[in-house]
1. With θ set to phi - 60°, apply the Karplus curve 6.51 cos²θ - 1.76 cosθ + 1.60 along segment 21-32 and write out the HN-Hα couplings as whole Hz, x wherever there is a Gly or Pro.
2. Using a 1.4 Å probe on the protein heavy atoms only, what accessible surface does His15 show? Give it in Å² to the nearest 10.
3. Output the pairs from Lys29/Lys50; Lys211/Lys233; Lys139/Lys351; Lys135/Lys323; Lys84/Lys323 with a Cα-Cα distance over 31 Å in this structure; if there are none, say none.
4. So between Ser292 and Asn245, what do we pick up on full extension, going 0.36 nm a residue minus the alpha carbon distance?
5. Listed highest first by mean packing, meaning other Cβ atoms within 10 Å per residue, what order do 1-8, 37-44 come in?
6. What are the residues whose amide H is under 5 Å from the amide H of Thr329, where those residues sit 5 or more places off or on another chain and H is modelled from the backbone?
7. Among Trp308, Trp49, what's the order by accessible area (1.4 angstrom probe), most exposed first?
8. With 10 Å bins from zero, work out the P(r) of segment 169-225 over every alpha carbon pair and list the percent per bin.
Amino acid sequence: MSLLPNPSLQITADHKIKLVEAPIHSPGKGQVLLQIKATGICGSDLHFWKTGRIGELVFHGDCIIGHEAAGVVLQAGEGVTNLKPGDRVAVEPGVPCENCFLCDDGRYNLCEDVAFAGVYPYAGTAQRYKVHPAKWLHKLPDNLSYLDGALLEPLSVVMRGIQVAQLSLGRGVVICGAGPIGLIAASAARASGAHPVVITDIDSNRLDFAKRFLPSVTTYAINTSLDAQGNAKAIRSLFGEAEYNAPDRVLECTGIESSIVTAAFTARRGGVVVVVGVGKEVIHNLPFMHLSLAEIDLKFINRYRDTWPPAITILAAGILDLKPLISHTFPLERANEALELCADRGTPSIKVTIVDDVDATTDLGVAVSNTATATTNGNGSA
């Protein structure tokens, strides 16, 4: 099999982006070679680009980014029996060690030795070809597109947040942030039977989109002239005057310190705030005594686990339709523009996706490398 060149979108250790050709690796035992057909740009990609780190995850060198992806199997390695060339799959980007006590306990999302696509030094999906373990790929049914498949990763984040929050049928919930994760969270909360659902943001354009996307959801524009308690009081008023009706669940989807503080004051006494968003390494201004006296549980999530099969079921059954979130698509050869657009707050966007519609197995390309060994010299791993 001959292949085309492999353009890739990379972030450098000195906060630059570049579009360069990456090596193509052949699949090893238990692996397959994919053509990545769609990769969504995530807020974490922007964090890595702008700051070079998210907590303990640090870019020490150049690395291909991208982890919200779907593609088609081109070649199966030794021992792969569940997938064959031509199978359409969604990529679960985290490959845990499967040897630690957390993996043994089924909490593989907490594995410290996870090889996560798009996090240095593990190359991500913003490239044409990627080798990935077959175990962490999930077949797409015929009625789901590659774009749908790429949305399964942010949906998985939301599903994990909802699992931790334990939303209740008929009970209210506040979603902080009307970005892609917040919009998916509001959609999923509505489908779960939570009511009322209120989504907040400081950006009126995003709230306008939220109202079109989910007409039954109430929007609230954060008032910058109010402090966290003032905004929280206004949000709580949307649920009625009785304290019992105040929201007992808040999903904080921005990671921004002021929003987390507002969320803390928004939840009713005895409520739960789940921080889904990615924020600063250290937050200093949490209202500790308010959380303590009101017995508000402040919880966090780290990615997801066991979410791809039910997420596929949800989309395939039409319970959620997330395709309207895709505001822009860019061909792989212009992937750098996709990242730049996401960072440009002057150009409204929701979910920006890189697509590769070319037939990637023509005779015009280059041969697959005989090595399946990961590299980190400017391109991350396979």
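The values are calculated or read from the model by the stated rules, or taken from the named source; none is laboratory data. Quick caveat, the model's predicted, so the values are computed rather than measured. Cβ placement follows ideal geometry from the backbone for every residue including glycine, while neighbour counts extend to all protein chains displayed. Side chains are part of the model used for accessible areas, which takes the heavy atoms of the whole protein and leaves out ligands, DNA and RNA. Shrake-Rupley method; radii C 1.70, N 1.55, O 1.52, S 1.80 Å.
1. Calculated HN-Hα couplings, in order: 6, 10, x, 10, 10, 8, x, x, 4, x, 10, 10 Hz.
2. 80 Å²
3. Violating the 31 Å limit, Cα to Cα: Lys29/Lys50.
4. Extending this stretch completely gives an extra 14.9 nm.
5. 37-44, 1-8
6. Here the answer is Thr353, since their amide H atoms fall under 5 Å of that of Thr329.
7. Greatest to least solvent exposure: Trp49, Trp308.
8. Percent of Cα pairs in each bin: 28, 57, 14, 1.
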